[in-house]
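Novice: I am attaching a structure below and will ask some questions about it afterwards.
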There are 4 protein chains.
Amino acid sequence: MAGSSFGHSFRITTFGESHGGAVGVVIDGVTPGLELSAEDVQKELDRRKPGQSDITTPRKETDEVHLMSGIFEGKTTGTPILLILYNKDQRSQDYDAIKNLFRPGHADFTYLKKYGIRDYRGSGRASGRETAGRVAAGAVAKKLLAHRGVSVTAYTLAAGGIQCDTIDESVIEKNPMRAADMAAAEKMAALVRQMVDQGDSVGGIVECRIRGVKPGIGEPVFDKLDAELARAMLSLGAVKGIEIGSGFNCASMKGSEHNDPMDTTGFKSNNAGGIIGGISTGEEIVFRIAVKPTSSISKEQNTVNIQGNEVKVKTEGRHDPCICPRIVPVVEAMAALVLEDHYKRLEALHG
Amino acid sequence: MAGSSFGHSFRITTFGESHGGAVGVVIDGVTPGLELSAEDVQKELDRRKPGQSDITTPRKETDEVHLMSGIFEGKTTGTPILLILYNKDQRSQDYDAIKNLFRPGHADFTYLKKYGIRDYRGSGRASGRETAGRVAAGAVAKKLLAHRGVSVTAYTLAAGGIQCDTIDESVIEKNPMRAADMAAAEKMAALVRQMVDQGDSVGGIVECRIRGVKPGIGEPVFDKLDAELARAMLSLGAVKGIEIGSGFNCASMKGSEHNDPMDTTGFKSNNAGGIIGGISTGEEIVFRIAVKPTSSISKEQNTVNIQGNEVKVKTEGRHDPCICPRIVPVVEAMAALVLEDHYKRLEALHG
Amino acid sequence: MAGSSFGHSFRITTFGESHGGAVGVVIDGVTPGLELSAEDVQKELDRRKPGQSDITTPRKETDEVHLMSGIFEGKTTGTPILLILYNKDQRSQDYDAIKNLFRPGHADFTYLKKYGIRDYRGSGRASGRETAGRVAAGAVAKKLLAHRGVSVTAYTLAAGGIQCDTIDESVIEKNPMRAADMAAAEKMAALVRQMVDQGDSVGGIVECRIRGVKPGIGEPVFDKLDAELARAMLSLGAVKGIEIGSGFNCASMKGSEHNDPMDTTGFKSNNAGGIIGGISTGEEIVFRIAVKPTSSISKEQNTVNIQGNEVKVKTEGRHDPCICPRIVPVVEAMAALVLEDHYKRLEALHG
Amino acid sequence: MAGSSFGHSFRITTFGESHGGAVGVVIDGVTPGLELSAEDVQKELDRRKPGQSDITTPRKETDEVHLMSGIFEGKTTGTPILLILYNKDQRSQDYDAIKNLFRPGHADFTYLKKYGIRDYRGSGRASGRETAGRVAAGAVAKKLLAHRGVSVTAYTLAAGGIQCDTIDESVIEKNPMRAADMAAAEKMAALVRQMVDQGDSVGGIVECRIRGVKPGIGEPVFDKLDAELARAMLSLGAVKGIEIGSGFNCASMKGSEHNDPMDTTGFKSNNAGGIIGGISTGEEIVFRIAVKPTSSISKEQNTVNIQGNEVKVKTEGRHDPCICPRIVPVVEAMAALVLEDHYKRLEALHG
């Protein structure tokens, strides 16, 4: 298992690197009979694509998706769906400056150590462009979940130390930070523009809420719903941590505070974050992830080259000063993939 | 997939609940020719078993392991190893008080919703006793890793808000909290004893350090080494979060601070926590997990019963006021399982 | 993946060798709420155990099964079921004569080449005793299938060149050959007794019929229902071939003969054997397997020892002169495991 | 698991149907550093493509392969390789005659029962065109195996009852039947042309020989090498049986005849077919498969339509009167995929 597949009953396999011929995904196990168009997928990809605002990278990636199989007369047939996005810009010459050195914070060193060979063009397989396949597959999962009454919403909770004071989900798509608080969003954007000027970048926190999940979803033991969400989120290169419900705050809480009591109307609090024993409680599922500052910065940094000599490196142009706004749709996609898979797994158990 | 298996090339399947006939594990894919005795496994299980000190539950679990297959003349044969621990105490009558209600913080409600049936004796499959199988399998993984020069060490970093000031790994097994700082350990223990008196419990943070991992271990994309560690840790019922390296601190850092520069001697910092792009850098792998306060407390709590009526519940006796000391060997076991599996997966890739 | 697991949504993992502590199986993904007792499993194991008649090996294997987990108040809970059979006779001294040589037809040579170590006691993991775990798990699958209206029936169709003239399933359990024709059974038994006298053995053909399977079961492409049945059957050490429906006869047939026409009452013939394109048609599923003559014979044979010298070997006592009667319940078990798994997989697809 | 993936450590996922946008495969787990060009893959695809001779279908499929990922500067990088073949001819109108009925021998009925929806254009996913992805992936496996000294050769052994008298592998690619005997090939071809005239088709037998496999390859128990080959072959829609080594002949043999004796030069016979206990012996691996006569014939047949009425059907033009010559490269591809995967799995076990 080389790790490019995800899920059991709803299973995706991604392929592609930033400067190969294409990136994309094969989805196996899609419920037959679902109406599905390229537009359904494209609208999610458009939330991920570069160049959406003045604070994302202006790179001109071609994020146009093509549905190549598994669809007949506008409906899914239950056979594998190939979603493919062609890479238009495959120039290698741009990368001469970095081909023989290890950019700090990038996977250059680790890929070379693992494979003995490295596609240095635009980070190769380690490029954020790999997530386009995830978002495309997530769009299908989201559509299936919508039929179940399940919705997934993520947003920037904090960036560079600036935090949302209130959560207003209606503003998420109305500000370039995809923050849930308009005032905070403006401060964040100002900070991010400052980073651009300084040739630097900044990290943040993304929060995700999943609503409408019935109780009983998730496999106990190793495939706990929160364990699978954690794997899904940490499988994003920029993510350094995840917490569910009370999260790290639980470490200084007492059991009598942390346990969520119940009454006839249901749970009276949600420290569990909607999951107990790996299985959904029926409450909102809520988790937060730590997003590191983008590794690609134009400030000069110290590193070594493949010959082992110390060199200086600046990553020129074209990078996101804060990845949060563009990781939001990826987080939603990964969460949707986990949920749809586990709904199907429950059917198999009882089926 | 019902979720009781973990790993690909080194694969375990656990079974058992707290009051069935036995708990344990089958390990498939063990390197043949490894010397392995019951003692190798027992010594890890003894670190997990109850009744180790005055601040763990005094329950008399029989944690004696039996090696039932896959061993010949003291060596592994490469065929599946069954490690089994029989449950001695299978009395059901103790559980009459809780059989018809949902204990706050426990998986009683979610199991019933998922399965339509619930083994209420001692939390059934959701019991911490399930982790005995993990620790047993982890002991085998640890022994294989030792031959690779890899060691895994976890300890209590904080409990109830009291934090280790220094990290001295030599004291971990010398204090009942398994803390890495003797002075902090004493304060933690005092707090925990106070919790016992109050019929309450407290959470904490466990940190884990993995040393000796060569660069190049881990599959990129979905099976990133950190993603797999995250899944492994969140698959423990008490864990509410994980962070790798810089963790949640990265959210307010700049790229120029966070990127780990390199010189001819290697990496100059380790914000990455030993993993970049899902692959080991060769630096120490370090992560922290948030451990919730034990759900079983003797303080009276509000809940409902299966008939939907509001009731009060107290969980009588026999529970850990802080689970950190006993989760430490489980964390090490799960980390070892992930690492051994990924070492083998690298061999397959190049093989 | 070391190959001791089988199935996806209904998944088993077997363990054990003939002279270790135990053999058995863990089943994960069992539908919760099924009434299940040790007797349900034991009755299938009794059909597989040695010493059933004068033409099976008189070995005294202890085939008593113990249900160790996953059951509560007589019902399955949906968590893993451990079914274990302890090995009573673990004497190694009986095997001194063979420990250093490669018995013809046995896996002695190949195991040593693969693992570099070999448990020579009673063929170790390659022993037919390993199939006890499969039969135990198959008993659970059969019970679930019975609720679906599906039955699985296998019988000896031929042995040593003697073939059933008619198929009368009511006589299968009434003759020691488990043949479907009483007259043929007597001739087969006579031949088999002759083999015992000659210190030799004989092969045969086992046929299996699965009834009540609704149309639509089976995944196309790699997990076709017939492909999975083929893997299941060839995973039995003694099986050298399988054919479905028309089988090898199809090689000299014309399309106009082979295609099964339909009318308003359904299919008019069943050359397909109940499966087209890997998916069940709703007709009876029928396949035949070729069973090689038992490798263990007391006639003297030529071989080499581990030092590379030519030696003679006789396998003393205690072996089946024809394995067909005892493989019949194993064939049924494996077929049942495949079917139950695929029923569940269909639920996941549409779920 | 919806069944479009195959293999563990060398894992493929196919996609596509005959009249969607494309067919192809993603390969994950390819050894990095292998020189790989489109030509390497194309030459195998050209052996599978239609229109090779007067006795294959004259359909103009576009079998031109495109390498879209996982390659850098002519070498594999260890990341997923997408191999894609675009479908040029996507006209649906040709299929009006069959869209509402079930063609005998085809998967029309079973797909509709399984999915509730059916892509009737050219058999959809059940089309033989799906095997193009397998052949493409198999070409990569073959190249890796060549570096191990392993070769895979298949040929038509019999067609319509005409059998090769001798096996001369040098003539396989020199006759349109891909038979291993020139004289037999001519008789077969004459018979096949007769079938074309009659609007009928004929079945056959394909034999495969794998040479150079070292002893020790294959996982015992469920993933036996022969079990995996059996699954691989029966996963081809036209295959109704498989036999390894002695195959069905073993059913009337004695143990003293069937067991392969050894002397200092190795095995003295090969009834085992190169595999004992699921593990390679180092001898040639040899198996035969039964290939049914092509279902698509132009003779009039009886069937029913989706409304349940009896109708007549003729499949017009464009079909192979005997599929053997074109299935030969597919058999080789599937065998190569199994072998390469198991070589890698052995590395993981010892790694």
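The values are calculated or read from the model by the stated rules, or taken from the named source; none is laboratory data. The shown structure was predicted, so the numbers you read here are calculated from the model rather than taken from an experiment. No Cβ is skipped: glycine too gets one built from the backbone with ideal geometry, and neighbour counts run over all protein chains shown. Note: areas computed on protein heavy atoms with side chains; ligands, DNA, RNA excluded. Shrake-Rupley method; radii C 1.70, N 1.55, O 1.52, S 1.80 Å.
Novice: Given the options A:SER123, A:PRO32, A:ALA139, identify the residue whose Cα lies farthest towards the positive end of the charge dipole of region A:5-350 (+1 on Cβ of Lys, Arg; -1 on Cβ of Asp, Glu).
Specialist: A:SER123
Novice: Quick one: the Cα spread of region D:114-213 along its three principal axes, in angstroms, biggest first?
Specialist: Rounded to whole Å, the extents work out to 46, 41, 20 Å.
Novice: Taking Cα pairs under 8 Å and at least six residues apart, what relative contact order does chain B come out at, in percent? Provide the component values of the computation, followed by the final result.
Specialist: Values: 744 pairs, mean separation 76.2, N = 351.
Result for chain B is 22 percent.
Novice: Let me ask something else about it. Loop only per DSSP, at most 15 neighbouring Cβ atoms within 10 Å: give me the trypsin sites (Lys or Arg not before Pro) in region B:190-285, ordered by residue number. Don't jump to the answer; show the numbers that get you there.
Specialist: Values: sites: B:ARG193, B:ARG209, B:ARG211, B:LYS224, B:ARG231, B:LYS240, B:LYS254, B:LYS268; in loops: B:LYS224, B:LYS268.
Answer in residue order: B:LYS268.
Novice: A further question follows. Would you please give the residues with an amide H less than 5 Å from that of B:THR294, counting only those at least 5 places away or on a separate chain, with H modeled from the backbone geometry?
Specialist: Here the answer is B:VAL202, B:ILE323, since their amide H atoms fall under 5 Å of that of B:THR294.
Novice: How much solvent-accessible surface does D:ASP108 expose, in Å² to the nearest 10, with a 1.4 Å probe and all protein chains in place?
Specialist: The value for D:ASP108 is about 10 Å².
Novice: As I understand it, the dipole of region A:302-349 uses +1 on the Cβ of Lys and Arg and -1 on the Cβ of Asp and Glu, about the Cα centre. Which of A:ILE327, A:LEU349, A:THR303 lies farthest toward its positive end?
Specialist: Going by the charge dipole, the pick is A:THR303.
Novice: So how do D:TYR155, D:TYR111 rank on accessible area, 1.4 Å probe, biggest first, that is with the largest at the start? Before the final figure, lay out each step's value.
Specialist: Working: D:TYR155 0, D:TYR111 20 Å².
I get D:TYR111, D:TYR155, largest accessible area first.
Novice: Find how much the distance from C:ASP54 to C:THR166 grows on full extension, using 0.36 nm per residue of separation minus their present alpha carbon separation; answer in nm with one decimal. Walk me through the intermediate numbers first.
Specialist: Values: separation 112, 0.36 × 112 = 40.32 nm, distance 2.45 nm.
Separation in residues times 0.36 nm, less the Cα-Cα distance, equals 37.9 nm.
Novice: With every protein chain present, what accessible area does B:LEU349 have (1.4 Å probe, heavy atoms only), rounded to the nearest 10 Å²?
Specialist: Result for B:LEU349: roughly 10 Å² accessible.
Novice: Sticking with this one: Could you list the trypsin sites (Lys or Arg not before Pro) in region B:269-351 that lie in coil according to DSSP, counting only those with at most 16 other Cβ atoms within 10 Å of their Cβ? All intermediate terms of the calculation are to be shown ahead of the outcome.
Specialist: Details: sites: B:ARG288, B:LYS299, B:LYS312, B:LYS314, B:ARG318, B:ARG326, B:LYS344, B:ARG345; in loops: B:LYS299, B:LYS314, B:ARG318.
Answer in residue order: B:LYS299, B:LYS314, B:ARG318.
Novice: May I pose another question? Using DSSP to define loop residues, name the trypsin sites (Lys or Arg not before Pro) in region A:1-95 whose beta-carbon has at most 12 other beta-carbon atoms within 10 Å.
Specialist: Details: sites: A:ARG11, A:LYS43, A:ARG47, A:ARG48, A:ARG59, A:LYS60, A:LYS75, A:LYS88, A:ARG91; in loops: A:ARG59, A:LYS60, A:LYS88, A:ARG91.
Passing both the DSSP loop test and the Cβ count: A:LYS60, A:LYS88, A:ARG91.
Novice: Which of the lysines could a cross-linker bridge to D:LYS254, judged by Cα under 19 Å and excluding same-chain residues fewer than eight apart?
Specialist: C:LYS187, C:LYS240, C:LYS292, C:LYS299, C:LYS312, C:LYS314, D:LYS268
Novice: If amide hydrogens are placed 1.01 Å from N in the peptide plane, which non-local residues have theirs closer than 5 Å to the one on B:ALA159?
Specialist: The list, which skips near neighbours in sequence, is B:ILE205.
Novice: Also, quick follow-up: For region A:281-296, in order, what is each residue's ³J(HN,Hα) by Karplus, 6.51 cos²θ - 1.76 cosθ + 1.60 with θ = phi - 60°, in whole Hz (x at glycine and Pro)?
Specialist: Result, rounded to whole Hz: 8, x, 7, 4, 8, 9, 9, 10, 10, 8, 10, 6, x, 3, 5, 6.
Novice: Between chain D and chain A, with a rotation axis joining them, whose C-beta in D is nearest that axis, and what is the whole-Å distance?
Specialist: Smallest Cβ distance to the axis, with its residue: D:THR13, 2.
Novice: Next question, about the same structure. Got the D:GLN198 label distances to the other copies yet, label 7 Å along Cα→Cβ, in nm, shortest first?
Specialist: Label point to label point, same position, other copies: 4.1, 8.5, 9.0 nm.
Novice: How large is the dipole of region B:5-350 about the Cα centre if only Lys and Arg carry +1 and Asp and Glu carry -1, each at its Cβ, rounded to the nearest 20 debye?
Specialist: Values: 43 positive and 45 negative charges, 162 e Å.
My answer is approximately 780 debye.
Novice: Work from the charge dipole of region A:69-197 (Cβ charges, +1 for Lys and Arg, -1 for Asp and Glu, about the Cα centre) and give the residue of A:VAL152, A:ALA184, A:VAL171 farthest towards its positive end.
Specialist: A:VAL152
Novice: So what J values fall out for region C:326-342 if you push phi through Karplus, 6.51 cos²θ - 1.76 cosθ + 1.60 with θ = phi - 60°, rounded to Hz, Gly and Pro as x?
Specialist: Here the 3J(HN,Hα) series is 8, 7, 3, x, 5, 4, 4, 4, 5, 4, 5, 4, 4, 5, 4, 4, 6 Hz.
Novice: What is region A:5-350 by shape, rounded, prolate or oblate, if you read a ≥ b ≥ c off the alpha carbon gyration tensor as root eigenvalues and call it rounded for a/c under 1.5, prolate for a/b larger than b/c, and oblate otherwise? It would help to have the intermediate numbers written out before the result.
Specialist: Working: a/c = 1.75, a/b = 1.28, b/c = 1.37.
Oblate.
Novice: Still on this structure, please answer the following. Send over the semi-axes of region C:227-314's equivalent ellipsoid, whole angstrom and largest first, taken as the square roots of 5 times the C-alpha gyration tensor eigenvalues. Spell out each step's value before the answer.
Specialist: Details: eigenvalues 361, 34, 22 Å².
Working from the Cα gyration tensor, I get semi-axes of 42, 13, 10 Å.
Novice: If you take all C-alpha pairs in the protein assembly as shown, what percent of them are over 54 Å apart?
Specialist: Working: 217480 of 984906 pairs.
For the protein assembly as shown, the fraction of Cα-Cα distances above 54 Å is 22 percent.
Novice: OK, next. List, shortest first and in nm to one decimal, how far the label point of C:ASP165 (7 Å from Cα along Cα→Cβ) is from its counterparts in the other copies.
Specialist: 3.8, 9.7, 9.7
Novice: Which value at 222 nm does the protein assembly as shown reach when only helices count, each DSSP H run of 4 or more adding -39,500 (n - 2.57), with the total divided by all residues and rounded to the nearest 500 deg cm²/dmol? Show your work: numbers first, answer last.
Specialist: On the way: 28 runs with 380 residues, N = 1404.
Mean residue ellipticity at 222 nm (helix-derived): -8500 deg cm²/dmol.
Novice: To the nearest 20 debye, what is the magnitude of the charge dipole of the protein assembly as shown about its Cα centre, counting +1 on the Cβ of each Lys and Arg and -1 on the Cβ of each Asp and Glu?
Specialist: Values: 172 positive and 180 negative charges, 0 e Å.
Computed charge dipole of the protein assembly as shown: roughly 0 debye.
Novice: If you don't mind, there's one more thing I want to ask. Can you give the charge dipole size of region C:156-272 about its Cα centre, rounded to the nearest 20 debye, using +1 on the beta carbon of Lys and Arg and -1 on the beta carbon of Asp and Glu? Working shown, then result.
Specialist: Working: 12 positive and 17 negative charges, 20 e Å.
So the magnitude is around 100 debye.
Novice: Now a separate question. Enumerate the calculated ³J(HN,Hα) couplings along region B:123-128 in order (Karplus 6.51 cos²θ - 1.76 cosθ + 1.60, θ = phi - 60°), each rounded to whole Hz, writing x wherever the residue is Gly or Pro.
Specialist: Computed from phi, the couplings for region B:123-128 are 6, x, 5, 7, 5, x Hz.
Novice: For B:LEU101, enumerate residues with amide H under 5 Å from its amide H, sequence gap 5+ or separate chain, H modeled in the peptide plane.
Specialist: B:ILE306
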